[in-house]
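Step one of this worksheet: look at the structure below.
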Amino acid sequence: MLNIAAVLCIATIYVRYKQVHALNPEESRIIRINKAGLALGLLSCFGLSIVANFQKTDFFAVHICGAVLTFGMGSLYMLVQTVLSYQMQPKIHGKQVFWIRLLLVIWCGVSALTMLTSSSFLHSGKFGTDVDQKLHWNPEDKGYVLHMITTAAEWSMSFSFFAFFLTYVRDFQKISLRVEANLQGLTLYDTAPCPVNNDRTRLLSRDL
């Protein structure tokens with residue numbers, strides 16, 4: 001499920017990158033910020049794939065590195081896209097979209113700070129040496145409250161990511177994707193190029 005989500009996120013991030021690039025072909029500052037956003041988004045998706053394929057109980061260090069990439073680069077991606085929304089208003093972006101994305105970035109930042117703080121205390125060594133491998137917690141266990149705070153903050157941060165992608169819905173309503181098939185011959189065995197009428201077909205049945 002996480003691998004599929006990573007692929008879908010890559011597609012969304014790339015379409016957003018191409019949209020901003022098409023809307024601002026001569027704005028050098030926006031082009032640089034847009035490229036930075038693409039790189040951060042792809043790194044976040046790569047981290048999500050690492051989290052999916054390396055379990056916490058078997059490869060703790062690799063799993064944590066993937067989580068840092070996912071949440072860290074993902075948070076920076078959200079910040080970059082919010083900056084782009086600010087730079088592109090009011091000519092291209094409305095102020096309402098910018099403020100919504102800014103609130104989501106603040107939500108993400110508070111969740112990240114809470115998660116990092118509680119997780120640092122939880123893994124400080126005061127609550128046992130098996131905290132990293134522990135899957136089942138009971139209310140009477142030491143560190144249970146910190147564990148619950150860390151888990152809630154992690155889910156809160158994840159939901160802020162999902163909500164941020166939902167802000168693209170209105171932007172993507174202005175995009176149509178199509179696939180173009182170029183035939184180079186009348187059969188599959190032609191050795192010489194033969195001009196054939198091109199067939200242009202919609203990739204999606206309706207606009208995104």
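The values are calculated or read from the model by the stated rules, or taken from the named source; none is laboratory data. Just so it is clear, the structure is predicted and the values come from calculations on it, not from any experiment. Neighbour counts are summed over all protein chains in view; Cβ atoms, including those assigned to glycine, are modelled from backbone coordinates with ideal geometry. Surface areas here come from the heavy atoms of the whole protein model, side chains and all, with no ligands, DNA or RNA. Shrake-Rupley method; radii C 1.70, N 1.55, O 1.52, S 1.80 Å.
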**OP:** Being under 18 Å from residue 166 (Cβ atoms) and charged (D, E, K, R) narrows it down to one of 16, 32, so name that one.
**Re:** 16
**OP:** Please find, among 62, 97, the residue that is over 16 Å from the mean Cα position of the chain (by Cα) and under 16 Å from residue 161 (Cα atoms).
**Re:** 97
**OP:** Within the stretch 54-75, track down each residue that is touching a helix residue (DSSP H, G or I) at 6+ places or on another chain (Cβ under 7 Å) and of a type in the set (Ser, Thr, Tyr).
**Re:** 70, 75
Subject >> Wholly within the stretch 11-105, helices (runs of 4 or more DSSP H) carrying at least 3 residues that are of a type outside the set (Ser, Thr, Tyr), open to solvent by less than 40 Å² (accessible area, probe 1.4 Å) and modelled with pLDDT of 90 or more >> reply: 28-53, 74-87
Original post:
Hey, does the stretch 24-41 have a residue that's of a type outside the set (Gly, Ala, Ser) and closer than 24 Å to residue 156 by Cβ?
Top reply: yes
Original post:
Looking at (1) within 30 Å of residue 30 (Cα to Cα); (2) in contact with a Leu (Cβ under 8 Å, 6 or more places away or on another chain); (3) crowded, with 18+ Cβ neighbours inside 10 Å, which is the only condition residue 118 fails?
Top reply: (1)
Original post:
Which condition number in (1) open to solvent by less than 100 Å² (accessible area, probe 1.4 Å); (2) of a type outside the set (Phe, Trp, Tyr); (3) modelled with pLDDT of 85 or more is the one that residue 166 fails?
Top reply: (1)
